[in-house]
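Remarks on the structure that follows.
The values are calculated or read from the model by the stated rules, or taken from the named source; none is laboratory data. Quick caveat: nothing in here was measured; it's all calculated off a predicted structure. Neighbour counts run over all protein chains shown; Cβ positions are idealised from the backbone, glycine included. Just the protein is used for accessible areas: all its heavy atoms, side chains included, with ligands, DNA and RNA removed. Shrake-Rupley method; radii C 1.70, N 1.55, O 1.52, S 1.80 Å.
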Amino acid sequence: MAISRIGGTTGSAINAGSITLTLPGSMAVDDLILIAYGVGDDDFTQPTLAMTTAGYTELTSSTLSADGGTGGDGNLAVFYKFHNGTDTNAVTTAAGTGTDSSCAACLQVFRGVATVAQSGPLEIAIATATGTSGGNPNPPSVSGFTEATSAVVIACALGSAVVLTLTAPTNYTTNALNATGNDSFDTSVGLAYRLSGAADPEDPDIFTDSGAGVAWCAATMVLKEAPIAASNPVFEYRVPECG
């Protein structure tokens with residue numbers, strides 16, 4: 001079945017707080033929940049980004065961008081979970097190291113994605129990138145996926161310091177999400193997608209930063225479509241003719 005987007009939401013926190021994201025009410029079992037969660041701070045240590053709600057798996061290993069402390073550092077993590085039919089929200093852990101940090105998160109839900117048992121949810125490994133000293137978050141190019149123009153590509157971005165909004169790249173603007181945490185060190189997270197028309201390789205282009213961003217992180221991934229279920233054979237019964 002083709003992959004479709006079901007819904008999404010955003011949230012933010014200050015003072016290193018946790019974030020509660022409400023799941024769309026129209027979800028079904030095995031819908032894919034994707035969460036981009038980021039923190040902005042002024043410390044060099046790797047902030048711990050995790051989910052309090054059980055069952056989430058992190059797709060990123062580390063996307064820390066340290067811009068020299070006073071300029072503002074940023075860290076981005078991407079998590080997924082296949083809906084269990086009972087969760088109504090997704091809660092992140094608290095992140096950052098004090099009252100000067102902020103967090104932001106975006107959540108998107110997709111249907112028709114291959115489960116872990118079907119070698120999902122990604123067709124190829126997630127690609128990540130980081131940058132410092134200003135600039136716009138730039139999700140890296142990806143290649144090697146087989147679905148070509150029917151592929152669903154996800155682009156994530158984070159900007160730290162004085163960041164107001166992140167505008168998604170061309171072809172990724174439909175239902176694109178942006179969440180901003182406003183503290184001494186601001187955080188802006190974007191989570192966007194392209195349902196069709198991607199090429200191999202696919203380069204999503206930049207998220208345009210409306211503020212004076214310093215450190216940034218980004219990620220690109222390709223969702224794997226769930227296989228079409230085999231149909232049951234149809235048997236036709238005929239009444240024997242008499243005579």
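Structural remarks
- As a length-normalised measure over Cα pairs under 8 Å and 6 or more apart, the relative contact order of the chain settles at 27 percent.
- Atom-type composition of the exposed protein surface of the chain places 51 percent of the accessible area on carbon and sulfur (1.4 angstrom probe).
- Environment charge at THR53 (Cβ cut-off 14 Å; Lys +1, Arg +1, Asp -1, Glu -1): -1
- Charge dipole magnitude, Cβ of K and R +1, D and E -1 - the chain, Cα centre, debye nearest 20: 500
- Accessible area in square angstrom per residue, region 138-227, 1.4 angstrom probe: 35
- Cβ-based net charge around PRO169, under 10 Å, with every Lys or Arg adding one and every Asp or Glu removing one: -1
- In summary, the chain shows an alpha-carbon radius of gyration equal to 1.14 times the 2.2 N^0.38 Å reference for compact globular proteins.
- Taking a sphere under 11 Å around the Cβ of THR187 and counting the other residues whose Cβ falls inside, with K and R at +1 and D and E at -1, yields a net charge of -4.
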